[in-house]
Amino acid sequence: MSKPSPDIEARARARLAADETRIAAQEDAGREPAARLTGARRTTQSLRQAWGQFWRHPSPWLIGGFLVAVVAYRATLHTFGWRELIVPFALVALFPVIEWVIHVVILHWRPRRVGGVPVDSLLSRKHRAHHADPRVLPLVFIPWQVELWLLPSYVVVALLAFPGQAAGATFLVAVGTLMFNYEWVHFLVHSDYRPRTRVFRSVWRNHRLHHYKNEHYWFTVTSAGTADRLFGTYPDSGAVETSPTVRQLHALEEGRLS
C-alpha cells in the first residue's frame, strides 16, 4: 500500500480528532452532535424513521420472511431438548469470527484469474461498490440474488446435518436471527441515525473507521473490538495511516481483473 502525502495524512487526522472532540463535548453537554467521523450528516433520523427506511429494501423482506417461516415451523414441533441449543449458542459466540472471516476472505476478495477464468463473486463486486460510496443504502445489504440461493441452502444443511427436525429448525431460527440482526445493524450504521448508546457508538465508530480511515482494519460489523482484537486488526486509530485505497479496494476499478 502506498503512503499518502504528509499533508493529506495530517489533515485526515486533524479532521478525525476535531470531530471526535466536538462529538464528546456536545454529548457531555446533553446536545445532539452536529458532525461525525465522516463530516456533517445530511439529515437527522430517528430510530423509527430508520426502521421504516430499512423495510424499503428487498433483503429485510427475504430474511424476515425466512425467519418468520422457520419460527412458525419450529412452533409446530412439540418436542424440545436442551442439547439442540448448543449449536445456536455456538453460532452466537462464534459470529464475530464468522463475520470477520467472511468480510476478509469473501467481501475483500481480490479479483483474479484462475486458469484463465475470472474469479470474482457478486458479493465481492457489490462490496467494492459499497466501499466506493458507503452512503448508497441499497449496497449496504446482502444482494437479494445471493439470498435466493443462500437461504434455501441453509435448509438443506439443516436437513442433512441435524438428526431431528426440531434441532434443524432451531438451527435455522438462529441463522435467520443472526442474518437479520447483521442487516439491521449494518444498515443503521450507514443510515442517518445518530448513535445514542455507548455500545452502538463503539460499533458505529468501528465500522466507519473501516470505511473512511483504512480498509485493512476493523472488519467486524455488529460488534467492536471482538474478532478484530483476536486477529490483530483493531489498532489505535491515531496510529494508522489513512489509506489511499479505502474508497477503491485493491486500487482496481469495479469489474477489472488482475
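Every number here is computed from the coordinates shown, using simple stated rules; none is lab data. All figures in this text were calculated on a predicted structure; none of them were measured in a lab. So basically every Cβ, Gly included, is an ideal-geometry build from the backbone, and we count neighbours across all protein chains shown.
Observations
- For region 66-80, backbone phi angles converted through the Karplus equation (6.51, -1.76, 1.60; θ = phi - 60°) give residue-by-residue couplings of 4, 5, 4, 5, 6, 5, 5, 5, 4, 5, 7, 8, 8, 10, 8 Hz, Gly and Pro being listed as x.
- The ranking of TRP61, TRP82, TRP204 from fewest to most other beta carbons within 10 Å of each one's beta carbon is TRP82, TRP61, TRP204.
- For region 58-84 and region 197-248, distance of Cα centres in Å: 33
- Placing unit charges on the Cβ atoms only, positive for Lys and Arg and negative for Asp and Glu, gives region 86-217 a dipole magnitude near 580 debye about its Cα centre.
- Rounded to the nearest 20 debye, the dipole size of region 38-163 about its Cα centre is 480 debye, using +1 on the Cβ of Lys and Arg and -1 on the Cβ of Asp and Glu.
- The relative contact order of region 115-173, computed from alpha carbon pairs under 8 Å that lie at least 6 residues apart in sequence, is 22 percent.
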